[in-house]
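*Asks:* Questions regarding the structure given below will be posed in turn.
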Amino acid sequence: MSLGHQGLVTFRMIDPDAGLAAALARRPAEIVAELTAARLKGRGGAGFPTGVKWSLAAQAASDVKYVLCNADEGEPGTFKDRVILAEVPDLVFAGMTIGGAAIGASKGIVYLRGEYAYQRQPLEEALARRRAAGQLGERVLGTPFAFDIEIRMGSGAYVCGEETALIESLEGHRGEPRNRPPFPVDAGYLGRPTIVNNVETFACVTAIMAKGAPWFAAIGTEKSTGPKLFSVSGDCARPGVYEFPMGLPVSELLREVGGEDAKAVQIGGASGRCVPASAFASTICYEGISTGGSVIVFGPDRDMLRVAKNFMEFFVEESCGQCTPCREGNARLLQGIAMLEDGRCSAAYLAELTKLGEVMQLASKCGLGQSSPNAFLSIVEHFRDEIMGRTYAAAR
Amino acid sequence: MSDHENVNVESPRAPVSQRGHLVRVPADQRASGALVEVAIDGLEVQVPIGTTILEAARKIGVKIPTLCYHDDLCVAGVCRICVVEVEGQRTLQASCAYPITAPIAIHTHTRKVRQSRRRILDLLLGKHYGECYACFRNGNCELQALAAGCGVDFFRFGHPTAPLHELDSSSYSVLRDMNKCILCRRCVRTCIDLQEVGVLETVHRGDKTTVSTFMNKPLAEVICINCGQCINRCPTGALGAADPTDDVWRDINDPSKHVVIQTAPAPRAAIGECFGLPPGTPLTFEMNSALRAIGFDKVFDTNFTADLTIIEEGTELILRLHRALVDRQPVALPQFTSCSPGWVKYIEHFYPEMLPHLSSAKSPQQMFGAVIKTYYAGLHHIDPADIVTVALMPCSAKKFECNRPEMAASGHKDVDYGLVTRELAQMFKEAGIELPKMPKSGFDEPFGTATGSGVIFGATGGVMEAALRTVLELVSGLKVENLYDHADILPVRGFEGIKYAEIRIPRLGTVPDILRMNAQLPFDSWAWLAGATLKVAVCHGTANAKRVLEDIKAGGKLSECHFIEFMACPGGCLGGGGMPIPTNPEIRAARARAIYAEDAAYEVRKSHENPAVLRLYNEFLTGGPNGHTAHRLLHTTYTPRGKYIA
Ligand SMILES: Cc1cc2nc3c(=O)[nH]c(=O)nc-3n(C[C@H](O)[C@H](O)[C@H](O)COP(=O)(O)O)c2cc1C
Ligand code: SF4
């Protein structure tokens, strides 16, 4: 097994046709059981067990259901879905088709990040090839199962990667997260049972169908199985897309990418956590430091307050603006960072901002507001000395 | 979709936006009718599956504070004030948006909850510019009450000291002050989902999120129908009515002016709410004394012209029917009522091609203005230029209506000021009048005696019931009391969104004198109506109006109607945009009860039996109903506005 390499190692070895054929030879419940046995967790960041999601959608009573592929890839520092779609799109399309067979849907939609418009043409061509080959259409692989896939473009809002905002956007509304429950598996796109999965998750599904759950579950850790793609960027010698097994220590990852001298690593994108050097022994997996695959390396010279500011500016702009804690809270945190830069933020106010961040984590409506203070809070926790006590002059 | 919806609405409607924000429970779970056990702060209660945490808590007397939630609107779950802790959940949950589908334990005021709530409130206050002293919602503001309830004693994140937005005072009816907006989106949900007008929408995102009109144009330049439903549902002072109180005081204090006021039926059933009385406490006669006490020269009852409207509009209907049935000419039928100015502006914008259906009769408010500045001025030898007519209305759209340029057939503005219930209550308070303790007194002559038919104009179905009473009697010669118990035509009453009724004409009488006054009347017997059945419909809220109009356009059942009543506001005038805040279905039902009780208390209850109205025709409108003078003064024209904004 060749893990720990730059590029799409495992995925390039998988035959999408074999995965699809193997899935269609089974009953829907058997497909779901295979995913459950593989202990596949969603690759989009939240790590929800895919088998559970699919079995809920399969049980939901409705004659119309949908399979949505989340290709919005908006998390700063994440670019692995782009590579999957460019290099092995058939794995994804096969995975979606398998999803349709598993839950009883006949329509799939890829929600493609607006900035990836250049990928649309090749993806449409890949779909056309699949239709011509009978892998999509009225009778997939000659079975009575009908399934087709459509590509729809996002328009550049990060929040539209959140699954219910994605659905709102697909329905033609403002991209704003919905109240949950009900969850998409009960009432999703157009009010119908819907599964939303990440690009990589669908690719994993095809891989599991092709090579079997035991093969998949043997990679990684007990709770975090399978290979995982990482988008590595920042202050390192060899940035790029990597494939590692889950459960890798941060330090090992840094060695692999040439970032040994890092003082901190942001894992999980802007909404993830800032891990200081003292914690580089921790492992990257769902039971350790969870991530959708984004790793941003900060070298010894990085100003961590600048880092926090950069992330915060992103969230102030990308909050959908519907709920109070996120809409107003991010702006207050950013304002606080400006005060820190100027040396105008008292320790008491910093404590107030920390509390505010915790409230945002607790009370925001969706994952954006619930995780947007993470970077700020971890920087305040681990780099307090670096960010406090600046003088006004130093900031200019 | 509909099998997934569980929305708090009193009328059937399909929300077109924010569908994703409804509290939805899969139909199979809800249909099972099962009960589920919840523990709220340790109190156990069983609720039907799908009940929200907020509803369940209310049931057992636990009050969870809310801000973006409103009984009339679909759930948003955006302010996050109502968050609670649900055992086993990592994050706090919005109680308004969380349907209970399994047994859960809930805690509504843990440390986490209180700290979160306070900070959310602090964040809102940090963006809310406005001093409570200088706000018309002082004492009636949900944000203020929330701050008091949560014990706010300092501004954790500061407080703006200068306005950040310009006031939009372009509209005759609705005032917008975005400085006070807390982005709860109730106005958006009111305008888009409840009324289906769609003037207000959320735009931009992040901390630039705001509520805007199309291209942020002033309200006067967009397709706002002035119904003011958004005002009634705004928790703060961000939306209000354009207030003419200062002008009214000025004219009252000007000895050269003869200032008269007409009062519509709905405000009487509600103004008590501004003085701490329960909804539906009628204060008609106390209000008359109070109005004189603050300096109005005469107090008239708009019911007088409600009766006049019925006769004019009823005659117009009979003439339309005659032209259609006997002359076989193309006539716009069904005829639509025209007394709700929000509805009139709605059809002008959204269905201008259907304007021929709209009765040309002015609304009671405008008819009264015209009668005062002509007939009344002559009777009392007062120069109409010195008369100021004020109209007390439940309705913000009446302010726009009285400023329509076509509403001045006498050479003077029919009505000078439209005052709404809330504003009059404020005038009383300023004058130190404790309305509930005022002595009772009647209305002034020569319009004194009104009928119950006028009163029920204040409730949805009221105009139709009044019209039916009159038309049935005029045509059959029978007393309606002999056809319907107490003349209560129940099929057109109630809060159902769209009501349909067929009323058989029991027999034909002789054509009554009042109609014969019109020399152009094209018939002298009712024979042409032999065997006829009147088909009528009633709807309220423009969302329902839209359904009715679409059904007519599609040739559905409602296209066979002869007469349809439309009211822009849910519940009719008693739910008007000028009525006391708050509003909800129970409050509107209580006001309706007061209105129907007042109707039952009148001796003469039919418009065509109102002696003052008959005198007006005999002495002044001598061409009779729809005659020349009546047409000049009491009828109007409309403007096909369309909905395209330059
Ligand atoms: C603000 C926000 C942005 C998100 N963006 C993405 C995204 O770009 N791509 C993605 O796959 N999931 C994204 N997610 C996660 C999705 O909501 C959802 O969990 C995921 O698509 C489920 O797929 P999975 O189970 O296969 O991971 C985002 C979540 C949040 C809260
Ligand atoms: S947390 Fe932020 S992005 Fe999510 S619903 Fe609230 S405002 Fe929108």
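*Asks:* Using 0.36 nm per residue of separation minus the Cα-Cα distance, give me the extension gain between residue B:133 and residue B:297 in nm, one decimal.
*Replies:* Here the segment from residue B:133 to residue B:297 would lengthen by 55.9 nm.
*Asks:* If you don't mind, there's one more thing I want to ask. Using a 10 Å cut-off around each Cβ, can you sort B:71, B:153, B:207, B:513 from fewest to most neighbouring Cβ atoms?
*Replies:* B:153, B:513, B:71, B:207
*Asks:* Report the equivalent ellipsoid semi-axes for the stretch A:136-227 in whole Å, largest first, defined as the square roots of five times the eigenvalues of the gyration tensor built from alpha carbon atoms.
*Replies:* Rounded to whole Å, the semi-axes are 28, 20, 13.
*Asks:* Sticking with this structure for a sec: Could you list the square roots of 5 times each eigenvalue of the Cα gyration tensor of the stretch A:10-217, that is, the equivalent ellipsoid semi-axes, sorted largest first and rounded to whole Å?
*Replies:* Rounded to whole Å, the semi-axes are 23, 19, 17.
*Asks:* Would you kindly compute the Cα radius of gyration of the stretch B:402-444 and its largest Cα-Cα separation (Dmax), both in Å?
*Replies:* Cα radius of gyration and Dmax of the stretch B:402-444 are 15.1, 41 Å respectively.
*Asks:* Return the Rg/Rh ratio of the stretch A:285-353 with Cα-based radii and a Kirkwood Rh.
*Replies:* 1.03
*Asks:* Relative to 2.2 N^0.38 Å, what does the C-alpha radius of gyration of the stretch A:1-62 come to as a ratio? Two decimals please.
*Replies:* 1.33
*Asks:* Using the Kirkwood radius built from alpha carbon pairs, what does the Stokes-Einstein equation give as D for the stretch B:236-307 at 10 °C and 1.306 mPa s, in µm² per second?
*Replies:* The diffusion coefficient I find is 115 µm²/s.
*Asks:* For the protein assembly as shown, state the semi-axes of the equivalent ellipsoid (square roots of 5 times the eigenvalues of the alpha-carbon gyration tensor), sorted largest first and rounded to whole angstrom.
*Replies:* 63, 34, 23
*Asks:* Given the pairs B:180/B:345; A:228/A:309; B:180/B:208; B:499/B:643; A:65/A:223; A:309/B:217, which span a C-alpha to C-alpha distance of over 23 angstrom in this model?
*Replies:* Pairs exceeding 23 Å: B:180/B:345; A:228/A:309; B:499/B:643; A:65/A:223; A:309/B:217.
*Asks:* Can you pull the Kirkwood radius for the stretch B:493-599, inverse mean 1/r over Cα pairs, to one decimal in Å?
*Replies:* 16.6 Å
*Asks:* Helix B:341-350 versus the longest principal axis of chain B: what angle, 0 to 90°, nearest 10, using Cα atoms?
*Replies:* The answer is roughly 80 degrees.
*Asks:* So, one more: First measure r as the distance between the Cβ atoms of residue A:118 and residue A:255, then evaluate 1/(1 + (r/R0)^6) with R0 = 22 Å and state the FRET efficiency to the nearest 0.05.
*Replies:* Taking R0 as 22 Å, the efficiency between residue A:118 and residue A:255 is 0.05.
*Asks:* Which residue, A:297, A:321, A:378, has the largest displacement toward the positive end of the dipole of the stretch A:278-378 when charges sit on each Cβ (Lys, Arg +1; Asp, Glu -1)?
*Replies:* So the residue we want is A:321.
*Asks:* From the Cα gyration tensor of the stretch B:50-195, with a ≥ b ≥ c the square roots of its eigenvalues, which class applies: rounded if a/c is under 1.5, or else prolate if a/b is larger than b/c, or else oblate?
*Replies:* Here the stretch B:50-195 falls in the oblate category.
*Asks:* Going by a ≥ b ≥ c, the root eigenvalues of the Cα gyration tensor, does the stretch A:100-144 fall in the rounded group (a/c under 1.5), the prolate group (a/b larger than b/c) or the oblate group?
*Replies:* Oblate.
*Asks:* Let me ask another. How many percent of DSSP beta bridges within the protein assembly as shown run antiparallel, rounded to 5?
*Replies:* Within the protein assembly as shown, antiparallel bridges account for around 50 percent of the total.
*Asks:* Just to verify a number: FRET efficiency for residue A:279 and residue B:645, C-beta to C-beta distance, R0 = 60 Å, to 0.05?
*Replies:* Once rounded, the FRET efficiency stands at 0.55.
*Asks:* Under a plain spin-label model, where a point goes 7 Å from the Cα along Cα-to-Cβ, how far apart in nm are residue B:445 and residue B:559?
*Replies:* Rounded to a tenth, the inter-label distance reads 5.4 nm.
*Asks:* Please compute the length gained on full extension between residue B:551 and residue B:622, using 0.36 nm multiplied by the number of residues separating them and subtracting their Cα-Cα distance.
*Replies:* Additional length available on full extension: 21.6 nm.
*Asks:* Using θ = phi - 60° and the Karplus relation 6.51 cos²θ - 1.76 cosθ + 1.60, list the HN-Hα couplings for the stretch B:287-295 in order, rounded to whole Hz, with x at every Gly or Pro.
*Replies:* The phi angles translate into 5, 4, 5, 5, 5, 5, 5, 8, x Hz.
*Asks:* Right, something else. Mind checking which lysines have their C-alpha under 25 Å from residue B:440, skipping anything on the same chain fewer than 8 residues away?
*Replies:* The qualifying lysines are B:298, B:429, B:606.
*Asks:* So, one more: List every residue whose amide H lies under 5 Å from the amide H of residue B:98, counting only residues 5 or more places away in sequence or on a different chain, with H placed 1.01 Å from N in the peptide plane.
*Replies:* B:53, B:54
*Asks:* Return a whole-number percent for the relative contact order of the stretch A:304-395, with Cα pairs under 8 Å and 6 or more residues apart as the contact set.
*Replies:* Here the relative contact order equals 39 percent.
*Asks:* So who's got an amide H within less than 5 Å of the one on residue B:66, skipping anything under 5 residues away but keeping other chains? H placed 1.01 Å off N, in plane.
*Replies:* Under 5 Å from the amide H of residue B:66: no residue qualifies.
*Asks:* Let me ask something else. Using only the alpha carbons, work out the radius of gyration and Dmax of chain B in angstrom.
*Replies:* When restricted to the Cα atoms of chain B, Rg and Dmax are 25.6, 81 Å.
*Asks:* Exactly which GluC sites (Glu not before Pro) in the stretch B:548-614 are in a DSSP loop and have at most 10 other Cβ atoms within 10 Å?
*Replies:* B:603
*Asks:* If we count other beta carbons within 10 Å of each Cβ, what is the order of B:533, B:202, B:66, A:164, fewest first?
*Replies:* Ranked by crowding around the Cβ, least crowded first: B:533, B:66, B:202, A:164.
*Asks:* Looking at the stretch B:243-389, I'd like the Rg to Rh ratio, where Rg is from alpha-carbon atoms and Rh is Kirkwood's inverse mean 1/r.
*Replies:* 1.06
*Asks:* Same structure, new question: Where the Cα atoms of the stretch A:227-298 are projected onto their three principal axes, how long is each span, largest first, in whole Å?
*Replies:* Cα spread of the stretch A:227-298 along its principal axes, largest to smallest: 26, 24, 21 Å.
*Asks:* For the stretch B:313-319, just list the computed ³J(HN,Hα) in residue order, Karplus coefficients 6.51, -1.76 and 1.60, θ = phi - 60°, integers in Hz, with x standing in for Gly and Pro.
*Replies:* With coefficients 6.51, -1.76 and 1.60, one gets 5, x, 5, 4, 5, 4, 5 Hz.
*Asks:* What FRET efficiency, computed as 1/(1 + (r/R0)^6) with R0 = 45 Å and r the Cβ-Cβ distance, is obtained for residue B:380 and residue B:201, rounded to the nearest 0.05?
*Replies:* FRET efficiency, residue B:380 to residue B:201: 0.35.
*Asks:* Using θ = phi - 60° and the Karplus curve 6.51 cos²θ - 1.76 cosθ + 1.60, what whole-Hz ³J(HN,Hα) does each residue of the stretch A:180-194 get, with Gly and Pro shown as x?
*Replies:* Calculated HN-Hα couplings, in order: 9, x, x, 8, x, 5, 9, 9, x, 4, 6, x, 9, x, 9 Hz.
*Asks:* If you don't mind, another one. Taking only DSSP H segments of four or more residues, each worth -39500 (n - 2.57), what value at 222 nm results for the protein assembly as shown once the sum is divided by all its residues, to the nearest 500 deg cm²/dmol?
*Replies:* Value at 222 nm, helices only, nearest 500: -10500 deg cm²/dmol.
*Asks:* Let me ask another. Compute the whole-percent fraction of alpha carbon pairs in the stretch B:127-241 spaced more than 20 Å apart.
*Replies:* 40 percent
*Asks:* Measuring from label point to label point, each 7 Å out along Cα→Cβ, what is the residue B:152 to residue B:327 span in nm?
*Replies:* 6.3 nm
*Asks:* What is the set of long-range amide H partners of residue A:72 at a cut-off below 5 Å, with H atoms built 1.01 Å from backbone N?
*Replies:* Those qualifying (amide H under 5 Å, at least 5 residues apart or on another chain) are A:113.
*Asks:* Check the straight Cα-Cα distances from residue B:63 and name the aspartates and glutamates below 13 Å, setting aside those fewer than 8 residues away within the same chain.
*Replies:* Counting by Cα, and skipping residues close in sequence, residue B:63 has these aspartates and glutamates nearby: B:41, B:55.
*Asks:* What full-extension length gain, to one decimal in nm, is calculated for residue A:128 and residue A:27 as 0.36 nm per residue of separation minus the Cα-Cα distance?
*Replies:* Extending this stretch completely gives an extra 33.7 nm.
*Asks:* Dipole size in debye (nearest 20) for chain A around its Cα centre, Lys and Arg Cβ +1, Asp and Glu Cβ -1?
*Replies:* Charge dipole of chain A: 480 debye, to the nearest 20.
*Asks:* Taking only the alpha carbons of the stretch B:388-535, what extent do you get along each of the three principal axes, in Å, biggest first?
*Replies:* Cα extents, longest axis first: 58, 38, 32 Å.
*Asks:* Follow-up question, since we're still on this one. Can you give the charge dipole size of the protein assembly as shown about its Cα centre, rounded to the nearest 20 debye, using +1 on the beta carbon of Lys and Arg and -1 on the beta carbon of Asp and Glu?
*Replies:* 1040 debye
*Asks:* A follow-up question, please. Treat every Asp and Glu Cβ in chain B as -1 and every Lys and Arg Cβ as +1, leave all other atoms uncharged, and give the resulting dipole magnitude about the Cα centre to the nearest 20 debye.
*Replies:* Dipole about the Cα centre, nearest 20: 1580 debye.
*Asks:* For the stretch B:579-622, divide the Cα radius of gyration by the Kirkwood radius and give the resulting Rg/Rh value with two decimals.
*Replies:* Here the Rg-to-Rh quotient is 1.25.
*Asks:* List the aspartates and glutamates whose Cα lies under 13 Å from the Cα of residue A:263, skipping any in the same chain that are fewer than 8 positions away.
*Replies:* A:235, A:301, A:303, A:386
Readers should treat all values here as calculations from the given coordinates under stated rules, not as data from a laboratory. The structure displayed is predicted, hence computed values, not measured ones. Here the Cβ is made from the backbone with ideal geometry for all residues, glycine too, and neighbour counts use every protein chain on show.
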